[in-house]
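Contents: one structure, followed by commentary.
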Amino acid sequence: MRTTSITKPLEVERKWFVVDAADQNLGRLSSQVAHILRGKHKPVFAPNVDVGDYVIIVNAEKIKVTGNKLDQKHYVRHSGYLGNRKETNLREMLAKNPEYVMMRAVKGMLPKNNLGRKMLTKVHIYAGPDHKHEAQKPEVLVLAE
């Protein structure tokens, strides 16, 4: 009789990867990072278990987008008070907080449940080229264009 192996969270080996976001397309990069965070690149992938790896994204301020997204894409926030809806376009948000833009793009490509929120804690985003995770000995990950 054949048996199916069930992945257990404590048996998962996790690696650390560094991704350089300079001159990368925002959507393509975030979908590939979400793929790694979910663990779909591993043979032990299970949709109900967090088997993904850690990802460090550097140079988030140098991300590029196509078309007119810099002026037409809006980020909306609301305080809860009447008439207090604030909009910011992508150009202003990249100048002010490029980490938020990258985090929001990756978050949108993960599952919308407790497991997806847990996966999002494994991504670390930095605007510049430096990061503080040298002790984890991350591997450089080159993603396909």
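Annotations for the structure displayed:
- Set side by side, the residues LEU26, LEU70, LEU82, LEU120 differ, and just one is over 24 Å from GLU139 (Cα atoms) and either surrounded by 11 or more Cβ atoms within 10 Å (Cβ to Cβ) or in contact with a Gly (Cβ under 8 Å, 6 or more places away or on another chain) (or both), which is LEU70.
- Listed conditions (1) within 18 Å of the chain's Cα centre (by Cα); (2) open to solvent by 10 Å² or more (accessible area, probe 1.4 Å) are all met by MET102, apart from (2).
- Within region 30-48, the residues that satisfy the criterion of being closer than 17 Å to LYS112 by Cα, surrounded by 13 or more Cβ atoms within 10 Å (Cβ to Cβ) and at pLDDT 95 or above are SER30, SER31, VAL33, ALA34, HIS35, ILE36, LEU37, ARG38, GLY39.
- Qualifying residues in region 1-23 (those that are outside any loop (DSSP other than H, G, I, E, B) and in contact with a Leu (Cβ under 8 Å, 6 or more places away or on another chain)) - the one least open to solvent (accessible area, probe 1.4 Å): VAL19
- Cβ separations smaller than 9 Å between residues 6+ apart or across chains give the following pairs from region 122-139 residues that are without any contact (Cβ under 8 Å) to a residue 60 or more places away in the chain to residues that are assigned to a loop (DSSP other than H, G, I, E, B): LYS132/TYR126.
- Residue among LYS86, LYS107, LYS118 that is under 15 Å from the mean Cα position of the chain (by Cα), among the basic types (Lys, Arg) and over 19 Å from ASN25 (Cβ atoms): LYS118
The values are calculated or read from the model by the stated rules, or taken from the named source; none is laboratory data. As the structure is a computational prediction, the values presented were derived from the model and not from experiment. Cβ atoms come from the backbone with ideal geometry, glycine included; neighbour counts cover every protein chain shown. When the accessible area is computed, the model is the full protein with side chains, heavy atoms only, and any ligands, DNA or RNA have been set aside. Shrake-Rupley method; radii C 1.70, N 1.55, O 1.52, S 1.80 Å.
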